[in-house]
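Notes follow the structure.
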Number of protein chains: 2
Amino acid sequence: MSEPKIVVYCDGHEKMAESVRNAECPIEIMAPTTREDLEEAMVSAEVIFGWKIPPHIYARASHLKWVQSMGAGIDDLVSNPHLSPSVIITRVTDQFGPAVAEYVFSELLANVRHVDRLRRQQNEGSWKPFGVQSLAGQNIGIAGLGSIGHEVVRKAKAFDMTVYGLSQTPHHDLVDHWFSSERWKDFVGPLDYLVVALPLTPKTRHIVDNNVFAHMRPGLTLVNIGRGEIINQDDLKGALLSHQISGAILDVFETEPLPHDDILWRLPNVRISPHIAGPSLDERAAQFFVTNVHKYLRHEPLLGLVNRFRGY
Amino acid sequence: MSEPKIVVYCDGHEKMAESVRNAECPIEIMAPTTREDLEEAMVSAEVIFGWKIPPHIYARASHLKWVQSMGAGIDDLVSNPHLSPSVIITRVTDQFGPAVAEYVFSELLANVRHVDRLRRQQNEGSWKPFGVQSLAGQNIGIAGLGSIGHEVVRKAKAFDMTVYGLSQTPHHDLVDHWFSSERWKDFVGPLDYLVVALPLTPKTRHIVDNNVFAHMRPGLTLVNIGRGEIINQDDLKGALLSHQISGAILDVFETEPLPHDDILWRLPNVRISPHIAGPSLDERAAQFFVTNVHKYLRHEPLLGLVNRFRGY
């Protein structure tokens, strides 16, 4: 049996191919860097370890058996009509939780402890003590209790917050108050912070819209670390401008990069980051793939297997 | 028996006297606001709930039995020659841990997640993803394992850090690696972060000096939430300028306010805050005092009792 041909394509991140190569698996690695080379390599590829491959290019991959995404989100793959339903899709799991939760708490703490103001005062060399708020005792809700949601819950408990959770599968033991995904309005009512850690599926697209914003407290700060499309971004802007909610911490957007002239950049109490909450393209993804390659070669179940019907 | 006379004096924080008054204890409250009124009130005071009372004024307090400090630090009281050794000193305990630990992690996370850079990029409306570091797997050392140190340990574990601790009393179960207070050099050797949460005593004054800096890794970031005088501030500046250590997060200083022309304001990788890590003057201190007043009236042991010989 010949070695399986594996295409590693990651839109300019050549380090990724290098990491896989260094692992010395019994595989043939193709690491095209141009669109033309990618199209040619797809024809014979059995496995793809990829990121941001143009959807139609999958139409050429007639020998394809498995696609390992380099990130946690695979909505683009699941919805790709050019990708045969028989192809296995895996995503990187259990690698994102700690990093994404660090992002969430870096911004929540920057908010309550006024880190920006401290730096401004420091730049002026001015000693002006001021009062701060605390996360302790605040109500935090996490929508989506996968590996990322779990980590946010864990850290929220270490900060003595009261934890609300919403998910399809019951998680009564994990959080203080659990809500099924039909109960968004009850779920958001008591929250000071709402963290959206859901996957993007047809069911979750624009799930947070004016109908849900209407049930939030004016003091609420929304945190989106899932996907931009989960939140109706126009409704979000309206909710911020009308003080229906107090602020937002956004790492993902309906259009990325967020256009330079978008008002979100400039709204008060909005914190923007350029989709860097999770380490989607780092060594850990390569390590995850290498582990999966060994399982693939031994015909063992792969890690991070995506249920294409469920969408995550 | 007449009601005990209690002086509440807090250097302009009249809210504190109000909070105590609202608790409606069977006590007579005197809340002088001028220096003259304070001196007069001291003569008949049995209890003082105070903050920044000039040391010599205690010489007038011949009926004094108990001083409740409004903060966690009581080094100024313990070393006051005008305060009779028979007077009981209590400090506010178990109130500071969560708030101070939130300060520590707000700054540690701002550091590894480049929160300042995010805000700069946001102000420019520029979408520029970048790589970030993580606290997970890093070595954090906490010098001083009182109620504040305990909270820092607890949160460090939630961030999957490896926790080193140094204290007089053994705490093998609390931390991953425990060191007695004679073993500073071994303690600091492996650390990425050193958090100083010690009380100021004759033993801890300038305990962190060039002899200790010499054993630190160049990547270390020092965090001081104890007292400025625990660290030799000139040695610290030298260690920062010579890249003996990588950075410092400082809430306390040998002289406060930190003088406007001090180079610490402007050194790279130094984060300054004006002694606001702990909520020394808030409602919680008043609540703590009221709890103690009830114990005092019932002749029960007081909370936060200071061992004046030990110095904390």
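None of the figures in this text is laboratory data; all of them are computed from the coordinates on show. Computed from a prediction, not measured in an experiment: that's the story for all the values here. Virtual Cβ from ideal backbone geometry, glycine too; neighbours counted across all protein chains shown.
Which whole-number percent gives the relative contact order of chain A, counting Cα pairs below 8 Å spaced six or more residues apart?
Details: 560 pairs, mean separation 51.6, N = 312.
The normalised contact order for chain A reaches 17 percent.
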query = Using a label position 7 Å from Cα in the Cα→Cβ direction, what is the ascending list of nm distances from residue A:81 to the same site in the other copies?
reply = 9.1
query = What is the average number of partner chain Cβ atoms found within 10 Å of a Cβ in B:150-163?
reply = 3
key: the stretch A:97-272: relative contact order as a whole-number percent, Cα under 8 Å and 6+ apart   = 16 percent
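Which of B:52/B:237; B:52/B:295; A:65/A:157 have a Cα-Cα distance over 31 Å? Don't skip to the end; give the middle numbers.
Details: B:52/B:237 28 Å; B:52/B:295 24 Å; A:65/A:157 42 Å.
With Cα atoms farther than 31 Å apart: A:65/A:157.
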task = Return the loop-located chymotrypsin sites (Phe, Trp or Tyr not before Pro) in the stretch A:150-236 (DSSP other than H, G, I, E, B) with at most 13 other Cβ atoms within 10 Å of their own Cβ; answer none if there are none.
result = none
request  = Let me know the shape class of the stretch B:97-272, please: from the alpha-carbon gyration tensor, a ≥ b ≥ c as square roots of the eigenvalues, rounded when a/c is under 1.5, otherwise prolate if a/b is greater than b/c, or oblate.
outcome  = oblate
Peptide-level mean, for B:109-120, of C-beta atoms on other protein chains within 10 Å = 6
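Given the convex hull of the Cα atoms of chain A, what is a quarter of its surface area in nm²?
Details: hull surface 73.9 nm².
That works out to 18.5 nm², a quarter of the Cα hull's surface.
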note = Taking only the alpha carbons of the protein assembly as shown, the radius of gyration and the largest Cα-Cα distance, Dmax, both in angstrom, are 28.5, 99
ask   = Copy-to-copy spacing for residue B:117, label 7 Å out on the Cα-to-C-beta vector, in nm, shortest first?
value = 2.6
message = Tell me which of B:123, B:215, B:167 sits at the most positive position along the dipole axis of the stretch B:97-272, charges placed on C-beta atoms (Lys, Arg +1; Asp, Glu -1).
response = B:123
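Quick check for me: using +1 on Lys/Arg Cβ and -1 on Asp/Glu Cβ, what's the dipole size of chain B about its Cα centre, in debye to the nearest 20?
Dipole magnitude for chain B comes out near 700 debye.
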remark   = Between residue B:22 and residue A:59, the FRET efficiency computed from the C-beta separation at R0 = 56 Å comes out, to the nearest 0.05, as 0.15
query = If you find the alpha carbon centre of the stretch A:254-312 and of the stretch A:52-121, how far apart are they in angstrom?
reply = 1 Å
query = Measuring from the lowest to the highest alpha carbon on each principal axis, how far does the stretch B:169-297 reach, largest first, in angstroms?
reply = 56, 41, 24
query = Which of these, A:249, A:142, A:276, has the largest mean-square fluctuation under a Gaussian network model of chain A (Cα springs below 10 Å)?
reply = A:276
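What GluC sites (Glu not before Pro) in the stretch A:1-79 are in a loop by DSSP, with at most 11 other Cβ atoms within 10 Å of the Cβ? Could the numbers behind the result be given before it?
On the way: sites: A:14, A:18, A:24, A:28, A:36, A:39, A:40, A:46; in loops: A:24, A:46.
Here the sparse-neighbourhood loop sites are A:24.
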query = Separation between the residue B:255 and residue B:169 pseudo-spin-labels, each 7 Å from Cα along Cα→Cβ, expressed in nm?
reply = 3.7 nm
message = Given the -39500 (n - 2.57) contribution per DSSP H run of 4+ residues, what per-residue ellipticity at 222 nm results for chain B, rounded to the nearest 500 deg cm²/dmol?
response = -8500 deg cm²/dmol
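Can you compute the charge dipole magnitude of the protein assembly as shown about its Cα centre, using +1 on each Lys and Arg Cβ and -1 on each Asp and Glu Cβ, nothing else charged? Give it in debye, rounded to the nearest 20.
Values: 60 positive and 74 negative charges, 104 e Å.
About 500 debye.
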task = Show which aspartates and glutamates lie in cross-link reach of residue A:155 when reach means a straight Cα distance below 15 angstrom and same-chain residues fewer than eight apart are skipped.
result = A:102, A:107, A:176, B:102, B:151, B:160
ask   = Looking at B:49, B:83, B:303, which one has the Cα that reaches farthest to the positive end of the dipole of chain B (charges on Cβ: Lys, Arg +1; Asp, Glu -1)?
value = B:303
key: Nearest beta-carbon to the A/B symmetry axis - residue in chain A, distance in Å   = A:158, 2
key: the stretch B:283-312: trypsin sites (Lys or Arg not before Pro) in DSSP coil with no more than 15 other Cβ atoms inside 10 Å   = B:298, B:310
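How much length, in nm to one decimal, is gained on full extension between residue B:310 and residue B:79, taken as 0.36 nm per residue of separation minus their Cα-Cα distance? Could the numbers behind the result be given before it?
Values: separation 231, 0.36 × 231 = 83.16 nm, distance 1.15 nm.
Roughly 82.0 nm would be gained on extension.
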query = Each residue of the stretch B:178-189 in order: what ³J(HN,Hα) in whole Hz does its phi give by Karplus 6.51 cos²θ - 1.76 cosθ + 1.60, θ = phi - 60°, with x for Gly and Pro?
reply = 9, 10, 6, 6, 8, 10, 3, 5, 5, 4, 7, x
inquiry  = Among the complete DSSP H segments of chain A, which ones combine at least 20 Å of alpha-carbon extent along their axis with a mean Kyte-Doolittle hydropathy of -0.5 or more?
reply    = A:97-112, A:283-297
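To the nearest 20 debye, what is the magnitude of the charge dipole of the stretch A:97-272 about its Cα centre, counting +1 on the Cβ of each Lys and Arg and -1 on the Cβ of each Asp and Glu? Please list the in-between numbers first.
Details: 17 positive and 20 negative charges, 89 e Å.
Once rounded to the nearest 20, the dipole reads 420 debye.
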task = Starting from a label point 7 Å past Cα on the Cβ side, list the distances from residue B:18 to the same position in the other copies, nm, shortest first.
result = 6.3
ask   = What nm distance separates the two modelled labels at residue A:181 and residue B:263, each placed 7 Å from Cα along Cα→Cβ?
value = 5.8 nm
